[in-house]
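Report on one structure; see the data block that follows.
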Amino acid sequence: MSTSQPPTFKPFRLALIQLGQVTSDKKSNLAHAREMIGKAASGEGAKKPDLIVLPECFNSPYGHVHFPVYAETIGYTPGQAYDVEKSESDSVKVLSEAAKEAGVWLIGGSIPERDAADSHKLYNTCTVYSPKGDLVALHRKVHLFDIDIPGKITFKESETLTGGTTINMFDTPFARIGLGICYDIRFPELAMTAARRGCHAIIYPSAFNLTTGPLHWELLQRARAVDNQIFVSMCSPARDMSAGYHAWGHTMVVDPMATVLAEAGHEEEIIYVDIDPAVFHSARAGIPVTTQRRFDVYPDVSSAA
Ligand SMILES: O=C(O)CCC(=O)C(=O)O
């Protein structure tokens, strides 16, 4: 939990990697992610980004049967220093090196994680790195993707995964950024709590599908953005119709007025967005819902952030 004063919100440049080529070979998935982080960090001829984001489950195929096979032990405890060089996780080492090489903040998508204390417990986990390569935050997907839409899609992450139990965020010199993973966006309570704890943006490494993508991908991001008057972004893998899971793509960034600032197609692509705090401040000044809440009328919702 972070209830300290957030950093002053300053303009920053965000790069989202809609990563392709996620195969059954973890080494090549990591190598490709690293190459794409380097490419994103170059700004491709424009301004270098401050923060780069990868999608959900970028080092393994997506599916509950794959999680136990690809899971890595990270052993991170919030608030305690973490020695990346001694990490048992190859993915953590690669992401840390990539962030350091590129000199950027990095939200390292998500990977299947094995609990260091209880090897039967697996999580869908996002790790975050500073430009020095330090592991600074970790989010375990709180809400597991268990859905059944007959004839369309059945998916049960809880077959092999355990849900996380904490809300997570990190501070940079330019903003406080909240974390969620994919299905987490369907739960307004998580975004609301993160926003009330001072997040200026919430970023969700994600992988919607061809059924719920067209229905809810944009709607949920715009809803969380306008509810909380924050920036919201979901970063998807590219679509691969030869894979077992068909990702929606359409990596997106939405501003606090619910305007879609950028949207990818469904191929591998990097999108860049300049985040302007003026939109955050003018949304909150013009439509001051953040200070008009009537907790006396809905006592089920705590007034404490
Ligand atoms: O909520 C949805 O429709 C999709 C969620 C999902 O794909 C996930 O949590 O990985």
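Of everything in segment 162-217 that's away from the ligand (no atom under 14 Å from the Cβ) and among the acidic types (D, E), which residue is nearest to I147 (Cα to Cα)?
Here the answer is E189.
Among the candidates Y82, Y76, single out the residue that is closer than 13 Å to S130 by Cβ and in a loop (DSSP other than H, G, I, E, B).
Among Y82, Y76, only Y82 is closer than 13 Å to S130 by Cβ and in a loop (DSSP other than H, G, I, E, B).
Being of a type outside the set (D, E) and within 21 Å of Y62 (Cβ to Cβ) narrows it down to one of S119, S130, S158, so name that one.
Testing whether each residue is of a type outside the set (D, E) and within 21 Å of Y62 (Cβ to Cβ) leaves just S158.
Within segment 228-237, can one find any residue that is in a loop (DSSP other than H, G, I, E, B), away from the ligand (no atom under 16 Å from the Cβ) and surrounded by 20 or more Cβ atoms within 10 Å (Cβ to Cβ)?
yes
Quick check on R222: is it out of contact with any helix residue (DSSP H, G or I) (no Cβ under 8 Å at 6 or more places or on another chain), assigned to a loop (DSSP other than H, G, I, E, B) and either charged (D, E, K, R) or closer than 29 Å to P288 by Cβ (or both)?
So R222 does not fit the description; no.
When the residues of segment 229-255 are narrowed to those that are without any contact (Cβ under 8 Å) to a residue 60 or more places away in the chain and out of contact with any Leu (no Cβ under 9 Å at 6 or more places or on another chain), which ends up farthest from N59 (Cα to Cα)?
Once the filter is applied, the top-ranked residue is I230.
Condition first: within 22 Å of L51 (Cβ to Cβ) and of a type in the set (A, V, I, L, M, F, W, C). Now tell me which residues in segment 264-293 satisfy that.
Correct list: A264, I270, I271, V273, I275, A278, V279, F280, A283.
When you scan segment 181-218, how many residues do you find that are assigned to a loop (DSSP other than H, G, I, E, B), aromatic (F, W, Y) and either crowded, with 21+ Cβ neighbours inside 10 Å or at positive phi (or both)?
1
Can you report the number of residues in segment 121-133 which are surrounded by fewer than 21 Cβ atoms within 10 Å (Cβ to Cβ) and either in contact (Cβ under 8 Å) with a residue 60 or more places away in the chain or part of a strand (DSSP E or B) (or both)?
0
Name the residue, out of V142, V136, that is more than 16 Å from the ligand (Cβ to nearest atom) and surrounded by 14 or more Cβ atoms within 10 Å (Cβ to Cβ).
From the options V142, V136, the qualifying one is V136.
Go through the residues of segment 119-126 one by one and say whether even a single one is touching a strand residue (DSSP E or B) at 6+ places or on another chain (Cβ under 9 Å) and closer than 21 Å to E35 by Cα.
Yes, some residue in segment 119-126 is touching a strand residue (DSSP E or B) at 6+ places or on another chain (Cβ under 9 Å) and closer than 21 Å to E35 by Cα.
What is the residue count in segment 141-161 for residues that are out of contact with any His (no Cβ under 9 Å at 6 or more places or on another chain) and in contact (Cβ under 8 Å) with a residue 40 or more places away in the chain?
7
Within the set of pairs 6+ apart or on separate chains, which have a first residue in segment 48-68 that is within 15 Å of the ligand (Cβ to nearest atom), a second that is of a type in the set (V, I, T) and modelled with pLDDT under 95, and C-beta atoms under 7 Å apart?
F58/V22; P61/V22; H64/T160; F67/T160
Can you tell me which residue in segment 56-73 is surrounded by the fewest Cβ atoms within 10 Å (Cβ to Cβ), limited to those that are hydroxyl-bearing (S, T, Y) and assigned to a loop (DSSP other than H, G, I, E, B)?
Residue satisfying both the conditions and the ranking: S60.
Yes or no: segment 258-265 includes at least one residue that is free of Cβ contacts under 8 Å to residues at least 60 places away in the same chain, of a type in the set (V, I, T), assigned to a strand (DSSP E or B) and under 21 Å from A175 (Cβ atoms).
yes
Among the residues of segment 77-102, what is the count of those that are over 20 Å from A31 (Cβ atoms) and surrounded by fewer than 18 Cβ atoms within 10 Å (Cβ to Cβ)?
Counting residues in segment 77-102 that are over 20 Å from A31 (Cβ atoms) and surrounded by fewer than 18 Cβ atoms within 10 Å (Cβ to Cβ) gives 7.
The values are calculated or read from the model by the stated rules, or taken from the named source; none is laboratory data. Being a predicted model, the structure only gives us computed values, none of them experimental. As a convention, Cβ positions derive from the backbone with ideal geometry for all residues, glycine included, and neighbour counts pool all protein chains shown.
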